[in-house]
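Have a look at the structure below before the remarks.
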Amino acid sequence: MIKACASDKLQLNRAADDLYLVEVKSNGERSVFKDNDVSVPTALSLNGRLFVSPKDHLDAMTPLPEQEAATEGLDIDIEVLSTKELAFHMTLFDWDLFWAVHEYELLYHTFGRHHFGK
């Protein structure tokens, strides 16, 4: 499904069978996903990126420049935050993550994919 949508959007003019859904990690490692894999976006590694590539271009795939550099964070002293402020911000972050996850992905990860016949 992801390959077909990406092929249409990017106008690759190739059949979905000629394309691979590939994760490229920051160390250059490539992981090819199967057509029947579910919850692919949540299975990505921390600094991995998802690509749709023709079968003959897999060897040419390299990490993006932003994958190779360390990400910049905020420089704050955690000791100046009260425990109540810290708990509040952690709860906000947890809720943001919770609402970003699709219902089926939550069920798959909670109960296991094998319970759903996929």
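The values are calculated or read from the model by the stated rules, or taken from the named source; none is laboratory data. Predicted, not measured: the structure shown is a model, and the values here were computed from it. Glycine also receives a Cβ, built like all others from the backbone with ideal geometry; neighbour counts cover every protein chain displayed.
Please count how many residues of region 12-29 are free of Cβ contacts under 8 Å to residues at least 12 places away in the same chain and either part of a strand (DSSP E or B) or assigned by the TED database to the domain that holds F98 (or both).
Of region 12-29, the ones free of Cβ contacts under 8 Å to residues at least 12 places away in the same chain are 13, 15, 17, 29.
Going one step further and asking which of them are either part of a strand (DSSP E or B) or assigned by the TED database to the domain that holds F98 (or both), we end up with none.
Looking only at that region, the number is 0.
Of everything listed in (1) modelled with pLDDT under 85; (2) more than 22 Å from C5 (Cα to Cα); (3) out of contact with any helix residue (DSSP H, G or I) (no Cβ under 6 Å at 6 or more places or on another chain), the single unmet condition for S82 is (1). Taking the listed residues P54, P65, the one that is out of contact with any Cys (no Cβ under 7 Å at 6 or more places or on another chain), of a type outside the set (S, T, N, Q) and within 16 Å of I2 (Cα to Cα) is P54, with no other qualifying.
Contact map, region 31-43: residues that are in contact (Cβ under 8 Å) with a residue 60 or more places away in the chain and closer than 19 Å to Y104 by Cα paired with residues that are part of a loop (DSSP other than H, G, I, E, B) and of a type in the set (D, E, K, R), Cβ distance under 6 Å, separation 6+ or inter-chain. Pairs shown: V38/K118. Only one entry in E23, E105 is within 25 Å of A4 (Cα to Cα), in contact with a Gly (Cβ under 8 Å, 6 or more places away or on another chain) and modelled with pLDDT of 80 or more, namely E23. Quick one: in region 1-29, of everything that is under 16 Å from the mean Cα position of the chain (by Cα) and hydrophobic (A, V, I, L, M, F, W, C), which residue is surrounded by the fewest Cβ atoms within 10 Å (Cβ to Cβ)? If we take residues in region 1-29 being under 16 Å from the mean Cα position of the chain (by Cα) and hydrophobic (A, V, I, L, M, F, W, C), then M1 is surrounded by the fewest Cβ atoms within 10 Å (Cβ to Cβ). Among residues of region 30-55 being outside any loop (DSSP other than H, G, I, E, B) and charged (D, E, K, R), the one that is surrounded by the fewest Cβ atoms within 10 Å (Cβ to Cβ) is K55. Only one of the listed residues (L58, L107) is touching a residue at least 24 places away in the same chain (Cβ under 8 Å), over 13 Å from the mean Cα position of the chain (by Cα) and in a helix (DSSP H, G or I). That residue is L58.
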